[in-house]
Every structure is written in structure tokens, then in C-alpha cells.
Amino acid sequence: MEDSFFQNVYEVVRLIPKGRVCSYGVIAAYLGSKGSARMVGWAMNAAHTQPDIPAHRVVNRVGLLTGRHHFDPPQRMQMLLEEEGIQVIDHQIQNFDIVFWNPNEEISV
DNA sequence: TAACTGACCGCCG
DNA sequence: ACGGCGGCCAGTT
């Protein structure tokens, strides 16, 4: 595995189950760099170079699709989420606490 | 080489 | 309860 922070982010994001979402801060904390949530978002920016990175499943802590503007068509992010069964209204994920996926707990099986 | 930015989060006023 | 600001890591200019 790569020691790069980016590569690490890609792996976690790729592990996000369908119909689930995660926040930047949680991913950053999972990587051990709590507080470097911005870095996670930056990694997502480079995620465009990665073919299998469901960046649409990554949102901020309030469940708001802040990174939608970085998708090819901005609506693509909301569309993909709705396709997976996630209800999104006005770029805001509904039942965010339910669809939220915490790597720190679900992976610790 | 040094400084700023960036798909954020948490704290302080 | 709401608003503003600093901090985090790495890449880009």
C-alpha cells in the first residue's frame, strides 16, 4: 500500500458501502490526522485521477454536498446519492445520521 | 524560496 | 443561539 495520505483516503472512500455516506473529518480522524479534514477534501480533488473513488459519498459533517461543485456536472453528486437510495433535498442529505457510515466502528469488526 | 489556497472542523466571542 | 477565526497537511504558483 502507498504511504501517501492521498492513497490512504482513496482506500477509505472506496470502502464506503453503497447507500452510505461519510464526512471528511471522520475520514481524516480514521487516518490518524484528526483536524486535517481539509486535506481529505484536497485528496478528493485529486481523486479525479482515480477511477473507482465514490467521492459523491463524501460530504461535510452536516451532510451538505459541499463538494458538488467539483463534479463534472454539479448535479451528478446528488443524482448518484439518490440512485443509491439516499434522499437528498437542496444538496442536503436527509436522515444523515442514518445513512452515515463510520469507518472507525464498522471496520473494527 | 516563501506564501496562499483548499470539496473542513472546532472553538471562542 | 449565531458569527467569526484559527488550525490542520500537502499541493500549487
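Since every read-out is calculated from the coordinates, none of them should be taken as a lab result. Since this is a predicted model, take the numbers as computed values, not measurements. Here the Cβ is made from the backbone with ideal geometry for all residues, glycine too, and neighbour counts use every protein chain on show.
Values for this structure:
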quantity	calculated
Filter result (surrounded by 22 or more Cβ atoms within 10 Å (Cβ to Cβ) and within 11 Å of DNA strand C (Cβ to nearest atom)) within the range A:12-63	A:Tyr24, A:Ala28, A:Val40, A:Ala43
Yes/no for A:Thr66 being more than 19 Å from A:Ile98 (Cβ to Cβ), within 12 Å of DNA strand C (Cβ to nearest atom), surrounded by fewer than 17 Cβ atoms within 10 Å (Cβ to Cβ) and among the β-branched types (Val, Ile, Thr)	no
Tally of residues being touching a residue at least 24 places away in the same chain (Cβ under 8 Å), surrounded by 12 or more Cβ atoms within 10 Å (Cβ to Cβ) and in a loop (DSSP other than H, G, I, E, B) across the range A:75-93	3
